[in-house]
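The values are calculated or read from the model by the stated rules, or taken from the named source; none is laboratory data. The model shown is predicted, which means the values in this text are computed figures rather than measured ones. Virtual Cβ from ideal backbone geometry, glycine too; neighbours counted across all protein chains shown. These accessible areas exclude ligands, DNA and RNA; they are computed on the full protein's heavy atoms, side chains included. Shrake-Rupley method; radii C 1.70, N 1.55, O 1.52, S 1.80 Å.
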Amino acid sequence: SSGALLGAAHGVSMIAGAVFPWLGIGRLPWPPAVALAGLGGMAAGIALQIWSMRMLGPLFTLRIQAAEGQTVVARGPYRVVRHPGYLGQIVLWLGFAVTSANAITLAVVAVACGAGYGYRIVVEERTLLETLGADYQRYAANRPRLLPLVW
């Protein structure tokens, strides 16, 4: 399931963030300001996640589901991208990797999050299209999944 894949992506990312810096392999010669920027990214990611959850209100769940009669949420960060909560989590994890100052951790996090969230988004969009139909299709046609002009 997409939830299991995300759990695995998070677990692998945490392990990579602990093991490779501890082993001293893959160290990036970044100044401390880069680590601080990573912490800032983590804080920004958490803030975006919380804002997204608040905009969804009772529609927010950890499981992918949509109810008959549910309407498309297009306020707050959902005005700009279709999956701002996932974007917030990706920014959080990339900030974590940057803070580790470790190239292997950064690569593991990027691949794990790309695979986990990429698959999750595909599954969720399929569910939303099946349940919300043309309303979601119109909404999706006017905004990117995660990054304007990219995806």
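Data table
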quantity	calculated
Unmet requirement for Ala101, which otherwise passes all of (1) open to solvent by 40 Å² or more (accessible area, probe 1.4 Å); (2) more than 15 Å from Ala66 (Cα to Cα); (3) of a type in the set (A, V, I, L, M)	(1)
Residue list for the range 139-151, restricted to those being touching a residue at least 60 places away in the same chain (Cβ under 8 Å), more than 13 Å from the chain's Cα centre (by Cα) and either over 19 Å from Ala74 (Cβ atoms) or open to solvent by 30 Å² or more (accessible area, probe 1.4 Å) (or both)	Arg143, Pro144, Pro148
Subset tally (residues that are surrounded by 13 or more Cβ atoms within 10 Å (Cβ to Cβ) and touching a strand residue (DSSP E or B) at 6+ places or on another chain (Cβ under 9 Å)) for the range 14-59	7
Per-region count, the range 72-98, residues touching a helix residue (DSSP H, G or I) at 6+ places or on another chain (Cβ under 7 Å) and either open to solvent by 40 Å² or more (accessible area, probe 1.4 Å) or part of a loop (DSSP other than H, G, I, E, B) (or both)	12
Single match in Ala107, Ala112 (criterion: open to solvent by 40 Å² or more (accessible area, probe 1.4 Å) and within 16 Å of Ser13 (Cα to Cα))	Ala107
Odd one out for Leu62 among (1) at pLDDT below 95; (2) part of a helix (DSSP H, G or I); (3) open to solvent by 70 Å² or more (accessible area, probe 1.4 Å)	(2)
Pairs, first modelled with pLDDT under 95 in the range 33-44, second buried (at least 16 other Cβ atoms within 10 Å of the Cβ) and assigned to a helix (DSSP H, G or I), C-beta under 7 Å, six or more apart	Ala35/Thr99
Per-region count, the range 115-138, residues open to solvent by less than 40 Å² (accessible area, probe 1.4 Å), in a helix (DSSP H, G or I), without any contact (Cβ under 8 Å) to a residue 60 or more places away in the chain and not acidic (Asp, Glu)	2
Subset of the range 22-39 (residues that are over 23 Å from Gly116 (Cα atoms), in a helix (DSSP H, G or I) and touching a helix residue (DSSP H, G or I) at 6+ places or on another chain (Cβ under 7 Å))	Val34, Ala35, Ala37
